[in-house]
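Chemist: Below you will find the structure I want to go over with you.
The values are calculated or read from the model by the stated rules, or taken from the named source; none is laboratory data. Computed from a predicted structure; not experimentally measured. Virtual Cβ from ideal backbone geometry, glycine too; neighbours counted across all protein chains shown. SASA here: full protein model, heavy atoms, side chains in, ligands and nucleic acids out. Shrake-Rupley method; radii C 1.70, N 1.55, O 1.52, S 1.80 Å.
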Amino acid sequence: MSGSLRRWRWLAAGMATAAVLTACGSGSGDSGSGDAKKITFWLSTAAQIQGYTDLAKEFQAKEGITVEVVNQPYDGYQDKLRQSAQANSLPDVASVPSLDALWINQLQDLSATANNETNKIRKDLITEQDGKVLAIPSDLTAAGLFINKTLFTKAGVAVPADPSQTWTWDEFLAAATKVRTATGAKYDLVYDNSAARIRAFIYNNGGKGFQLGADNKYQTPDAATVAALTKFKAMNDDKVMPKSVWTSGGDPNALFKSGQVVAYFSGVWQVPDFAEGITNFDWASAPTPGPVHATDINLGGKVVAFTNKDTAAAAKKWVDFLFQRDNYTKLAQANGYLPVESGLTLTYPFKSKAAQDAFALYAKEIELADPISSSGQAAGTKLLLAGKEAGEDPTKGELAKFVNGEQDVQKTVDNIVNGLNASLG
């Protein structure tokens, strides 16, 4: 899942620690009364943990239940969960990158928390099956546009400030070309080599992209999607965009940081890196081009509660505590989360004004985003619930061939659809 468990570096490495347990679950030490005094909460993160440890202290003070926050290594996390399920020693609560057919039948129903209107959790992002809410996302990631603000200022070219009155891709590219020619920059744009980011470009340009049909197979896309892909190829002309990013592994992040590129299409996870790592020019997040107001929305993690006999009630209580509006506000601010609850006013601990402004802009973008924006991540969940699992996405490889002139757009589209369906396990 693109963007899932991307863990940012803006928190100091020693700011928070989590105790690592030798035991996987906590149910075995309880009396069986259901009145658990300790539960385990697993997650995997390089830095986004302070909010959980803070809330665990508050939860203990209020409920008398200790939450052991266990930060698992990212490599092997999914395998560890599978092994724990097989050993009947799952944690009580976890933030996971994705659900797993091996333990999906051991999840509690989180409907009471997800459907509590006070929380204002986005209903289109929860994982639901047969009226049962299996998971609530901890946070969101979203694709978006960054600009070299110094170059725009030097060229005297204006940037829209309000996402609800954004520019179209044609307007943005015209502005970027003007900036490039006026300042001597090398390229108008670099664009992440990612199937998820291409989804955003397709949606921005009015296409529906590669969607699942009722039979849980990927369908031939609409004409607007084909037109968007054709437009994207034309942009890879070594003037607007360098072909190297999509054909030979060029690094768009490094190119943008060089100061020789007008803009970069990537996502919110770049903000902490830019806040610390760009010192030779001013950067800013800019509204995503249209004409359709859309992006690609993914989930940073999915919070689940397992049906461990003695700790189930305490686990569900902890999940509910996390998503109570005041508590979730603290969590999102401390961890630097784009929130899953609508209408929050958040103040993040960034020293950089550009970073603060970027998070405010992303929040507005998500509020305005067309529902299609979350359909990519939803497709993976739908397949899992249907007993299928998506394999490797062929989009990047097929688009590279298209950009390189090795095949036409129809062959590219056909290969992507056929490849997606062939990958379904």
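Chemist: 222 nm [θ] for the chain, helices only, -39500 (n - 2.57) per DSSP H run of 4+, per residue, to 500?
Modeler: On the way: 16 runs with 164 residues, N = 425.
When only DSSP H runs of four or more count, the value is -11500 deg cm²/dmol.
Chemist: Can you tell me the FRET efficiency between Lys208 and Ala158 if r is taken as the Cβ-Cβ distance and R0 is 30 Å, rounded to the nearest 0.05? Numbers along the way, then the final one.
Modeler: Numbers: r = 32 Å, r/R0 = 1.06.
Rounded to the nearest 0.05, the efficiency is 0.40.
Chemist: Roughly speaking, what is the stretch gain from Asp222 to Lys411, that is 0.36 nm per residue apart minus the C-alpha to C-alpha distance, in nm to one decimal?
Modeler: On the way: separation 189, 0.36 × 189 = 68.04 nm, distance 1.45 nm.
Stretched out fully, the Asp222 to Lys411 stretch lengthens by 66.6 nm.
Chemist: Could you give each residue of the range 233-246 its phi-based ³J(HN,Hα) in whole Hz, using Karplus coefficients 6.51, -1.76, 1.60 with θ = phi - 60°, and x for Gly or Pro?
Modeler: 4, 4, 5, 7, 10, 6, 10, 5, 9, x, 5, 4, 5, 9
Chemist: Sequence gap of 8 or more, or different chains, plus Cα separation below 23 Å: how many lysine pairs satisfy both in the range 207-252?
Modeler: Values: Lys208/Lys217; Lys208/Lys231; Lys208/Lys233; Lys231/Lys239; Lys231/Lys243; Lys233/Lys243.
So the count works out to 6.
Chemist: Running a GNM on the chain with Cα contacts under 10 Å, which residue among Phe274, Phe41, Phe146 ends up with the highest mean-square fluctuation?
Modeler: Highest fluctuation of the listed residues: Phe274.
Chemist: Now a separate question. For Glu367, project a label point 7 Å along Cα to C-beta. Then give me every residue of the range 327-352 with its amide nitrogen under 13 Å of that point.
Modeler: 339, 341-346
Chemist: To the nearest 10 Å², what's Asp357's accessible area with a 1.4 Å probe?
Modeler: About 80 Å², ignoring ligands and nucleic acids.
Chemist: Same structure, new question: If each residue of separation counts as 0.36 nm, what is the full-extension length gain between Ala87 and Glu63 once their alpha-carbon separation is subtracted?
Modeler: Numbers: separation 24, 0.36 × 24 = 8.64 nm, distance 2.92 nm.
Full extension of this stretch gives 5.7 nm more.
Chemist: Looking at the chain, send over the antiparallel percent of its DSSP beta bridges, to the nearest 5.
Modeler: 65 percent
Chemist: Build a GNM of the chain with springs between Cα atoms under 10 Å: which of Gly336, Gly76, Gly209 gets the top mean-square fluctuation?
Modeler: Of Gly336, Gly76, Gly209, the most mobile in the Gaussian network model is Gly76.
Chemist: To the nearest Å, what is the center-to-center distance of the range 166-196 and the range 111-128, using C-alpha atoms only?
Modeler: About 38 Å separates the Cα centre of the range 166-196 from the one of the range 111-128.
Chemist: Still on this structure: Label the chain by shape, choosing from rounded, prolate and oblate, from the square roots a ≥ b ≥ c of the eigenvalues of the Cα gyration tensor; if a/c is under 1.5 it is rounded, and otherwise prolate applies when a/b is larger than b/c, oblate when it is not.
Modeler: Details: a/c = 2.18, a/b = 1.54, b/c = 1.42.
It is prolate, given that a/c is not under 1.5 and a/b is the larger ratio.
Chemist: Now a separate question. For a quick check of understanding: with a 1.4 angstrom probe and all protein chains in place, what accessible area in square angstrom does Thr395 have, to the nearest ten?
Modeler: Accessible area, nearest 10 Å²: 10 Å².
Chemist: Label Lys239 and Asp54 with points 7 Å out from Cα along Cα→Cβ: what is the distance between them in nm?
Modeler: 5.1 nm
Chemist: Provide the packing ranking of 248-259, 291-302, 214-225, i.e. peptides ordered by the mean count of other C-beta atoms within 10 Å per residue, highest first. Let's see the in-between values first.
Modeler: Numbers: 248-259: 16.2, 291-302: 24.8, 214-225: 14.7.
With the highest mean Cβ count within 10 Å placed first, the list reads 291-302, 248-259, 214-225.
Chemist: If I model a spin label as a point 7 Å beyond the Cα along the Cα-Cβ vector, how far apart are those points for Ala46 and Asn115 in nm?
Modeler: For the pair Ala46/Asn115, the computed spacing is 4.0 nm.
Chemist: So which residue, out of Thr345, Thr412, Thr53, gets the largest mean-square fluctuation from a GNM of the chain using Cα contacts under 10 Å as springs?
Modeler: Thr345
Chemist: While we're here: How high is the relative contact order of the range 291-420, given as a whole-number percent (alpha carbon pairs under 8 Å, six or more residues apart)?
Modeler: On the way: 85 pairs, mean separation 34.3, N = 130.
Computed value for the range 291-420: 26 percent relative contact order.
Chemist: Turning to a different aspect of this structure: Return a whole-number percent for the relative contact order of the range 124-250, with Cα pairs under 8 Å and 6 or more residues apart as the contact set. Before the final figure, lay out each step's value.
Modeler: Details: 105 pairs, mean separation 22.7, N = 127.
Contact order relative to length: 18 percent.
Chemist: If you don't mind, there's one more thing I want to ask. Could you tell me the relative contact order of the chain? Use alpha-carbon pairs under 8 Å, at least six residues apart, and round to a whole percent. Don't jump to the answer; show the numbers that get you there.
Modeler: Details: 807 pairs, mean separation 106.6, N = 425.
For the chain, the relative contact order is 25 percent.
Chemist: To continue, here is another question. What is the Cα centroid distance between the range 331-376 and the range 309-329, reported in whole angstrom?
Modeler: 23 Å
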